[in-house]
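Let me begin by presenting the structure, written as structure tokens, before commenting on it.
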Amino acid sequence: MQTYPAVPPNPLFGELAWGFVLIIIYVFARIAGEGEGRYIGCKRALSVGILGMAVVALLESLNYWTWSLQIPPFEANPFLIWGVSMLIGLPFVIVPMIDLTVQWYRLRK
């Protein structure tokens, strides 16, 4: 009896899920503060979000890599998968960074 390996895990789902969580945390920090406190809160939320995105991308790439080791002719490069996962999550980081830059400009004005 021939068995087939499970379907490969999709790194895209974890990255998109964390990206939307990052946006929600950022919007909450933006709504909760006022003035300089808003800027500092958004800056901290973005820092935690970027760190979380790197961790999620690393875990997703390791998950995909361990799956690829189960199939002999197919072996994935975890660093390539991690890089692509980070590129997928880049728009979720760029949009809050632009907003943070606008906040900083308005605060200094």
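Points worth noting:
- Residue within segment 89-102 that is over 29 Å from Pro9 (Cβ atoms), in a helix (DSSP H, G or I), in contact with a Pro (Cβ under 8 Å, 6 or more places away or on another chain) and open to solvent by less than 40 Å² (accessible area, probe 1.4 Å) present: no
- Picking from residues in segment 48-77 that are open to solvent by less than 40 Å² (accessible area, probe 1.4 Å) and of a type in the set (Ser, Thr, Tyr), the one that is farthest from the chain's Cα centre (by Cα) is Ser68.
- The residues in segment 73-107 that are among the acidic types (Asp, Glu) and either in contact with a Leu (Cβ under 6 Å, 6 or more places away or on another chain) or touching a residue at least 40 places away in the same chain (Cβ under 8 Å) (or both) can be counted, and the count is 1.
- Consider segment 14-26 and keep the residues that are touching a residue at least 40 places away in the same chain (Cβ under 8 Å) and over 9 Å from the mean Cα position of the chain (by Cα). The one that is surrounded by the most Cβ atoms within 10 Å (Cβ to Cβ) is Tyr26.
- Of the criteria (1) open to solvent by 80 Å² or more (accessible area, probe 1.4 Å); (2) aliphatic (A, V, I, L, M); (3) touching a Gly at 6+ places or on another chain (Cβ under 9 Å), which one Leu80 fails: (3)
- Boolean, Ser85 is within 26 Å of Ile24 (Cβ to Cβ) and either assigned to a helix (DSSP H, G or I) or touching a helix residue (DSSP H, G or I) at 6+ places or on another chain (Cβ under 6 Å) (or both): yes
The values are calculated or read from the model by the stated rules, or taken from the named source; none is laboratory data. What you are looking at is a predicted structure, and each value in this text was computed from that prediction instead of being measured. Please note: Cβ atoms are built from the backbone with ideal geometry, for glycine as well, and neighbour counts cover all protein chains shown. Heavy atoms of the whole protein, side chains included, go into the accessibility calculation; ligands, DNA and RNA do not. Shrake-Rupley method; radii C 1.70, N 1.55, O 1.52, S 1.80 Å.
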